[in-house]
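Rule-based calculations on the coordinates, nothing more; no lab input. Note that the coordinates shown come from a computational prediction; the quantities given were computed from them, not determined experimentally. Ideal geometry is used to build each Cβ from the backbone, glycine not excepted, and the neighbour counts take in all protein chains shown.
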Amino acid sequence: MRWTESLREAIHREAVALDGKALRRARDGDGDIRNIVSAWAESNRLVLGQFKMADKSNEITAVPELLRALELSGCSVTTDAMGCQKKIAREIIEADAHNHETAHEEVKAFLDEEVIRHAKPVPPRMACHWVLDVVMREDDSRTRTGYVAENLATLRRMTMNLLNRDKTKKRGIKGKQLNASWDHAYLLRLLDF
């Protein structure tokens, strides 16, 4: 997380999305599916951190722990319906971040302004889950021994952070991955961030 913070630029009111992800194939026989909750900083295009959910648990218990580990001062934190809990809202406020209290007014003001200007809607960016599932094929990974699944999940997110930060190639994540596998100088440049 310290390494990721060193890459992060301070952006006022940056949107940070919290979301859980199941590592579906990282299961021993009939054992539990391993689940990880992550924080994605939209403007920085970085996974700020992740936290492994306890067995037989869910995002409700893991999100507060992740929130306490992150520097979220001034950020706008979002979560899915599972994270809409009073305890999680309290953690967001204690982190000096913003949550849904002002979001409705801000979204309404933005949309009203866009309607007035007759602007085309802004296309949504590629979601963090899509990259992990489709490009990095995380759901197909069958690693299950010890901490291997969690370690590989961490490496995938670090890789995504490195590739998103690289501005030397005008390609997507998959193309940059291919470049890194073919071009050792490019790979070393990525790792030297």
Note to self: Limiting things to C-alpha atoms, what are the Rg and the maximum Cα-Cα separation (Dmax) for segment 2-191, in angstroms?
What the structure shows: 18.0, 57
Notebook entry, point to check: Among L111, L70, which comes first, then next, by fewest other beta-carbon atoms within 10 Å?
Noted result: L111, L70
Note to self: Pick from L66, L152, L23 the residue whose mean-square fluctuation is largest in a GNM of the chain, springs joining Cα atoms under 10 Å.
What the structure shows: L152
Next item on the list: Take peptides 173-186, 36-49, 153-166 and line them up by average Cβ neighbours within 10 Å, highest first, as a rough protection proxy.
Entry: 36-49, 153-166, 173-186
Item checked: Farthest toward positive dipole pole in segment 2-191 [+1 Lys/Arg, -1 Asp/Glu at C-beta], among I36, A69, M82 -> I36
Item checked: Candidate lysines for bridging to K108, where Cα separation is under 18 Å - those fewer than 8 sequence places away on the same chain excluded -> K120
Next item on the list: Would you mind getting me the FRET efficiency between V148 and I11? Use the beta-carbon distance for r and R0 = 35 Å, nearest 0.05.
Entry: 0.55
Check: Too long at a 32 Å Cα-Cα cut-off: which of K52/K176; K21/K174; K21/K176; K86/K176; K52/K86?
Finding: K86/K176
Item checked: Cα-centre dipole for the chain with unit charges at Cβ (Lys and Arg positive, Asp and Glu negative), debye to 20 -> 860
Next item on the list: Quick one: which residues, 5 or more positions from L46 or on another chain, have an amide H under 5 Å from its amide H? H modelled 1.01 Å from N in the peptide plane, none for Pro or chain starts.
Entry: A41
